[in-house]
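The values are calculated or read from the model by the stated rules, or taken from the named source; none is laboratory data. None of these values were measured; they are calculated from a predicted model. Glycine gets a Cβ as well: all are built from the backbone with ideal geometry, and neighbour counts include every protein chain shown.
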Amino acid sequence: MTLGPTRDRLATHFHRGRRFSLYLLLPAAGFLSPLFVIPAITYRFGASGWASVAVAQSIGSGISTATEMGWGVVGPQRVAGLGKAYREEQYRLSITSRLITVVPGTLIAIIVAFALASSQDVAVAVLAGAMAAQAMTPSWYFIGIGKPTYIMWSESVPRIAIALASAIAIRFLNAPLVLYSGLMFLSVPFAQFVARRLIGSGARIKRRDWRSAPSAARGQIVMGSGRAVAVLYTSLPITMVRLVAPEAVAVFAATERLMRMCVKILGSVPLRMQSWIGSADGDLKEYRIRRAQQLGILMGITVGPLYAVTAPTISEYVFSGAVSIPYKISSLSGLLLFIICVSTSYGLTLVARGKANHITWAIIPSAGVAVAAIPALALWLGASGGILGEIVAESTGTAIQARSIQKCSESADSQQA
């Protein structure tokens, strides 16, 4: 008599698990695409070539985060469960408002990377610009409306194709590094073109969207400013280490790049949680917020030690033996990865409770700590010191976010009383 309902529950759980895996695996495919091309780069250009590429990625990723204006943080919950017309309007405004910051940011990335490159300066400059332009990604919107497969067609598949083609051309055909850089740059307008086709006519930019762009940008300024400051300890540590301890940058960049790939992949989970939380109200929403927090901590407990154990072996393949990650370095990076997972879950909670600006108040002191600690410790302890500086900075922000969540809970309890 209970077989039917049990079968229905199992089918429901299977369907939910399948959708959740899509949210995780499809963006992950795009984030992991550099693993195809990095071995070819290190094989052809050695540790110095990798160091230059890593600095370019650091600069470009940092500026991408800074100019994205927080749409990836608040956007998915903003459009989740809302009407088609409103969602599409938000998408269009995200395009026009981001262009105000992304265009100059991309130019800055190109200039700075060219100045800092120790080799392959043109290719490195173009790659930095390509990474900065990734701020125009439409993936946040597809997460918010519950269409993870759209990310596959607009971003994941093209990036994998670019990485594979570039790896073959660089390794076996002696193609220049600028080939990969240029193709990565072209992936940005291609993603926008595919997104436009997938969304439909509602994604077509209208005149009023250009007129509304400045006000939309101002509405994102607090979150955008926080994201801009955050790059000091999320995307620019490689550049900091390059300035004070260039001999340590290859190893530091190796563990930093692999660890940040893990962060990107795991970041797909809280993105999915945003849509899940944003579509609920009342007690159900609070329940989902708590579950999201627990999941973030569980992820950190799981993947932190896993990274510490596996990164040294993985690095031998990824960097073609030109750069190796010692277990001491991977252990510190594993601890950092755990803290980032916890911090991300806390940030998701603050966004869900309408306190997204509190994330910025946690970011600012963290960035101050990063600017002081990362270069100083890297100068003293090399790659280990750079990671320790990141740990101190991330721990600062996590503690402040935890305190903000506690205050929100105390305020809610006092209002109910």
So, in the stretch 351-395, of the ones that are hydroxyl-bearing (Ser, Thr, Tyr) and surrounded by fewer than 22 Cβ atoms within 10 Å (Cβ to Cβ), which residue ends up modelled with the lowest pLDDT?
360
Applying the selection to the stretch 114-159, what residues are surrounded by fewer than 20 Cβ atoms within 10 Å (Cβ to Cβ), closer than 16 Å to residue 184 by Cβ and modelled with pLDDT under 90?
157
At least 2 residues that are free of Cβ contacts under 8 Å to residues at least 24 places away in the same chain and more than 16 Å from the chain's Cα centre (by Cα) in each: list the helices (runs of 4 or more DSSP H) lying fully within the stretch 27-131 that qualify.
84-116
Number of positions in the stretch 357-414 that are over 30 Å from residue 75 (Cβ atoms) and of a type in the set (Ser, Thr, Tyr)
2
Of the residues 52, 48, 21, 33, which is at pLDDT below 90 and within 13 Å of residue 127 (Cβ to Cβ)?
52
Of the conditions (1) assigned by TED's automatic domain parsing to the domain that holds residue 124; (2) assigned to a helix (DSSP H, G or I); (3) within 25 Å of residue 323 (Cα to Cα), residue 192 fails just one. Which one is it?
(3)
Being surrounded by 15 or more Cβ atoms within 10 Å (Cβ to Cβ) and in a helix (DSSP H, G or I) is the filter here, so list the residues in the stretch 315-337 that pass it.
315, 318, 329, 330, 331, 332, 333, 334, 335, 336, 337
Return yes or no: is residue 393 of a type in the set (Gly, Ala, Ser) and farther than 18 Å from residue 227 by Cβ?
no
